[in-house]
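Working notes, beginning with the structure itself.
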Amino acid sequence: MATALASRLSWNSLTRGFAASAVSQMASEKPVNSKSFKIYRWNPDQPTEKPRMQEYKLDLSKTGPMVLDALIKIKNEVDSTLTFRRSCREGICGSCAMNIDGKNTLACITHIPKDQPTKELVIYPLPHMFVVKDLVPDMTYFYKQYASIKPWLQRKDTPESNKEIL
């Protein structure tokens, strides 16, 4: 009787151990919070290939909250050929400007929408500019316009030569 009781206790503790480990494993695994990104792709090095939309799926629980974070994750971990501009990550420089879900905005300050998880996020380059590659617009015309309006401080008088201007 003692051996039957001992084997029964060991069986119960064994099954409880399996159940406890299964529960703890399920608790540690979060449900996948995936989002689909459709991104405009075009490579000028392949002139026979037409521009296309390429879809990427990301787990949002392993990505930062901004669209730029998702683009960086795609470039670093999924497709290293994806090309886009980025610089300050603070919404100051404007280098990450692109068309996100039909709005011209900065990727570094645009949150990934989580209210509609099944809706894909569509990303295009800026619509009013020529495309260099993927999401990179040609900024030549922009810089010509910028220089023509001279948006910086200008002196009315000419400074004396060999003197520091403070």
If you roll a 1.4 angstrom probe over the protein chains with everything in place, what fraction of the accessible area of the range 17-166 belongs to carbon and sulfur, to the nearest %?
55
Per principal axis, descending, Cα span of the range 49-166 in whole Å:
64, 33, 25
FRET efficiency, 1/(1 + (r/R0)^6) with R0 41 Å, evaluated for Val32 and Gln145 via beta carbons
0.35
What is the magnitude of the charge dipole of the range 26-166 about its Cα centre, with +1 placed on the Cβ of each Lys and Arg, -1 on the Cβ of each Asp and Glu, and no other charges, expressed in debye to the nearest 20?
180
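The values are calculated or read from the model by the stated rules, or taken from the named source; none is laboratory data. These figures come from a predicted structure and were not determined experimentally. Glycine also receives a Cβ, built like all others from the backbone with ideal geometry; neighbour counts cover every protein chain displayed. These area figures cover heavy atoms from the full protein model, side chains too; ligands, DNA and RNA do not enter into them. Shrake-Rupley method; radii C 1.70, N 1.55, O 1.52, S 1.80 Å.
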